[in-house]
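**Student:** Take a look at the following structure, please.
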Amino acid sequence: MSNPTSVSHPAQFTADGAHHISWLGYSDLAGRSDGVQVMVNKGYAFVGHPFSGGGATVIDVRDPRNPQPVNFLAVHPRSWSLHFQTFGDLMLVAEEFNFIAGKPAAQWRDPDCSAGLRVYDIADPANPRPIGFMPVEGLGLHRVWWTGERYAYASALLDGFTDHILICIDLETPTHPREVGRWWVPGMWQAGGESNDWPGRVALHHPIVANGIAYCAWRDAGVILLDVADPGSPRFIGQRNLRPPFGGATHTALPLPGRDLLVVADEAMADIAVEPQKYIWMLDVRERANPVTIATMPLPADRDYVAKGGTFGPHNLWENRPDGFAGDGLVFATFQSAGVRIYDISNPFRPEEIAFFVPPPPSKLIDPRPGIKRITHCADLYVAADGMIYVTDYNGGFYVVDYK
């Protein structure tokens, strides 16, 4: 752990575009301006890094106009910790082989890395203290869902499987988490003799669990609903896959249980010049075994984002965590080159965009992948109960904005 310093106020403190959202604060995260998932707990934000050595930065956001990095949580040099969950005095961190820095591909099946779930005590959020670790046989966990209850649910790339599957984790003893159940799409268990000829990538990105049902974003297999009332024995309920004809790469499935609705984001994975347009979908899930698409969110129209180039399409949705904003009439999304978008879904058949924020282009590129343009690439957001929104960018740093 270390105490970094940071640039807090860039010279260009002017958004590329904004409507009903005010830009309050900024940090370049002490030079680690590549951010993915963000969590906020007791006045501190936690941001994972995909390119600048993995690990996570801890930011003091008690003054939203002056966010300050105060710590960095390192990870194994061949791993990354892109995603985590905080609740109360605990933080769960998914540790996985770093597929960008950990090349070549021939070493993926037997890498020297940290793979599993790490538990931190964050009673003092500025100084997280590791207290437990659950290793897995394989390349590790990609993303985890947990809101303070006994069980957590994660996507895991385990030995013998073609890609990430669901695992259920018992946290009754946080210092000794343990797997108690798993589920995969039949055909994924290669070591068990299963095979498949699916087009695209069939892999769990992550689940969101509500009322004993896991709403799973299964990339090119679409959305899968599982009964996890017994975490030791998940059971298939239903599925909806819009690929083909649409582009696939389902990233997030956000249930709105009080309205029997499901909001689904298909992730834009490449420059809009080479990839079909991806969408945010509205599904009716009154009949869980038969989810039905009823609408899409309108595409950003404040400028020509196709002409702008870059990755234009959804990434993450705000997941209505109980420790933040938890309404069912608004949807908050990161739309990558189009920044942050807010939708009114009071009429689920006709969603309307009501607010947006597009930060300026990053001052430099951290992302080492070929063909990446120096264009806004908003990745994730945390929405607090008071309307404060904390936003990450793959290259541009960390933004604090205010929506009332």
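**Student:** Could you list which residues have their amide H under 5 Å from that of VAL38, counting only those 5 or more apart in sequence or on another chain, with H placed in the peptide plane?
**Tutor:** LEU381
**Student:** Using a 1.4 Å probe, what is the accessible area per residue for the chain, in Å²?
**Tutor:** 38 Å²
**Student:** Would you kindly state how much longer the chain becomes between ASP63 and ALA326 on full extension, computed as 0.36 nm times their sequence separation minus their alpha carbon distance, in nm to one decimal?
**Tutor:** Net length gain for the segment: 92.4 nm.
**Student:** From the C-alpha gyration tensor of the range 37-80, pull out the three semi-axes of the equivalent ellipsoid (sqrt of 5λ each), sorted largest to smallest, in whole Å.
**Tutor:** Semi-axes from the Cα gyration tensor: 22, 9, 8 Å.
**Student:** While we're here: Please provide three numbers in whole Å: the alpha-carbon extents of the range 54-149 along the principal axes, with the largest listed first.
**Tutor:** 46, 30, 19
**Student:** Could you work out the relative contact order of the chain? I mean the mean sequence separation of Cα pairs under 8 Å and 6+ apart, divided by the number of residues, in percent.
**Tutor:** For the chain, the relative contact order is 14 percent.
**Student:** Can you give me the distance in nm between label points at ASP304 and SER22, each placed 7 Å from the Cα along the Cα-to-Cβ direction?
**Tutor:** The two pseudo-label positions are separated by 3.4 nm.
**Student:** Here's another thing I want to ask about it. Stokes-Einstein diffusion coefficient for the chain at 25 °C in a medium of 0.890 mPa s, Rh from the Kirkwood formula over Cα pairs: what value in µm²/s?
**Tutor:** Calculated translational D: 116 µm²/s.
**Student:** Give me the percent relative contact order of the range 134-225, please, defined on Cα pairs under 8 angstrom at least 6 residues apart.
**Tutor:** 22 percent
**Student:** OK, next. ALA191 to GLU287: FRET efficiency via 1/(1 + (r/R0)^6), r the Cβ-Cβ distance, R0 30 Å, to the nearest 0.05? Intermediate results must be reported in sequence, preceding the final value.
**Tutor:** Working: r = 35 Å, r/R0 = 1.17.
E(calc), rounded to 0.05, equals 0.30.
**Student:** Once you've got the GNM for the chain with C-alpha springs shorter than 10 Å, pick whichever of ILE21, ILE342, ILE294 has the biggest mean-square fluctuation.
**Tutor:** ILE294
**Student:** For the range 117-236, rounded, prolate or oblate, judged on the Cα gyration tensor with a ≥ b ≥ c (square roots of eigenvalues), a/c < 1.5 rounded, else prolate if a/b > b/c?
**Tutor:** prolate
**Student:** Report the normalised scattering of the range 279-404 as log10 I(q)/I(0) at q = 0.11, 0.13, 0.21 Å⁻¹, calculated by the Debye formula with identical scatterers on the alpha carbons.
**Tutor:** The Cα Debye sum returns log10 ratios of -0.41, -0.56, -1.23.
**Student:** Same structure, new question: Rg and Dmax of the range 168-320, using alpha carbons, in Å: what are they?
**Tutor:** Expressed in Å, the Cα Rg and Dmax of the range 168-320 come to 16.9, 52.
**Student:** Under 30 Å Cα-Cα from LYS404, which lysines qualify once same-chain neighbours fewer than 8 residues away are excluded?
**Tutor:** Leaving aside lysines fewer than 8 places away in the same chain, those within reach of LYS404 are LYS42, LYS278, LYS308.
**Student:** Relative contact order, percent, of the range 238-278 when contacts are C-alpha pairs under 8 Å separated by at least 6 residues? Spell out each step's value before the answer.
**Tutor:** Details: 45 pairs, mean separation 14.5, N = 41.
Averaging sequence separation for qualifying contacts and normalising by length gives 35 percent for the range 238-278.
**Student:** Enumerate the calculated ³J(HN,Hα) couplings along the range 340-350 in order (Karplus 6.51 cos²θ - 1.76 cosθ + 1.60, θ = phi - 60°), each rounded to whole Hz, writing x wherever the residue is Gly or Pro.
**Tutor:** Using θ = phi - 60°, the values come out as 9, 10, 10, 10, 8, 10, 4, 9, x, 7, 8 Hz.
**Student:** Still on this model: On average over all directions, what projected area in square nanometres does the range 118-182 have, based on the convex hull of its Cα atoms? Spell out each step's value before the answer.
**Tutor:** Numbers: hull surface 18.1 nm².
With every direction weighted equally, the projected area is 4.5 nm².
**Student:** At 1.4 Å probe size, what's the solvent-accessible area of LEU330? Round to the nearest 10 Å².
**Tutor:** 40 Å²
**Student:** What is the spread of the Cα atoms of the range 274-349 along each of their three principal axes, largest first, in whole Å?
**Tutor:** Taking max minus min along each principal axis of the Cα atoms, the range 274-349 gives 39, 30, 19 Å.
**Student:** A follow-up question, please. At 1.4 Å probe size, with no ligands or nucleic acids counted, give the accessible surface of ARG78 in Å², nearest ten.
**Tutor:** Around 60 Å² of this residue is reachable by solvent.
**Student:** I'd like the carbon and sulfur percentage of the solvent accessible area for the chain, probe radius 1.4 Å, heavy atoms only, ligands and nucleic acids excluded.
**Tutor:** That fraction is 50 percent.
**Student:** Can you give me the Kirkwood hydrodynamic radius for the range 183-269, using every pair of distinct Cα atoms, in Å to one decimal?
**Tutor:** Radius from the Kirkwood sum: 13.5 Å.
**Student:** Also, quick follow-up: Mind checking the range 159-204 for chymotrypsin sites (Phe, Trp or Tyr not before Pro) that DSSP puts in a loop (not H, G, I, E or B) and that have at most 15 other Cβ atoms within 10 Å?
**Tutor:** Here no chymotrypsin sites (Phe, Trp or Tyr not before Pro) fit, given the DSSP loop and packing criteria.
**Student:** With charges only on Cβ, +1 for K and R and -1 for D and E, what is the dipole size of the chain about its Cα centre, in debye, rounded to 20?
**Tutor:** Its charge dipole is roughly 480 debye.
**Student:** Please list, in chain and number order, the residues 5+ apart from GLY238 or on another chain whose amide H is under 5 Å from its amide H, with Hs placed from the backbone.
**Tutor:** LEU225
**Student:** Using only the alpha-carbon atoms of the range 337-404, report the extent along each of the three principal axes, biggest first, to the nearest angstrom.
**Tutor:** 41, 27, 15
**Student:** Moving on. For the chain, what does -39500 (n - 2.57) per DSSP helix run (n ≥ 4), summed and divided by total residues, give at 222 nm, in deg cm²/dmol to the nearest 500?
**Tutor:** 0 deg cm²/dmol
**Student:** What figure in square angstrom, to the nearest 10, would you give for the accessible area of SER346 with a 1.4 Å probe?
**Tutor:** Probe radius 1.4 Å; accessible area of SER346 about 90 Å².
The values are calculated or read from the model by the stated rules, or taken from the named source; none is laboratory data. Keep in mind that this is a model prediction, so the values were computed, not measured. Quick reminder, even Gly has a Cβ in these numbers, built from the backbone with ideal geometry, and neighbours come from all protein chains shown. Only protein heavy atoms, including side chains, enter the accessible area calculation; ligands, DNA and RNA are left aside. Shrake-Rupley method; radii C 1.70, N 1.55, O 1.52, S 1.80 Å.
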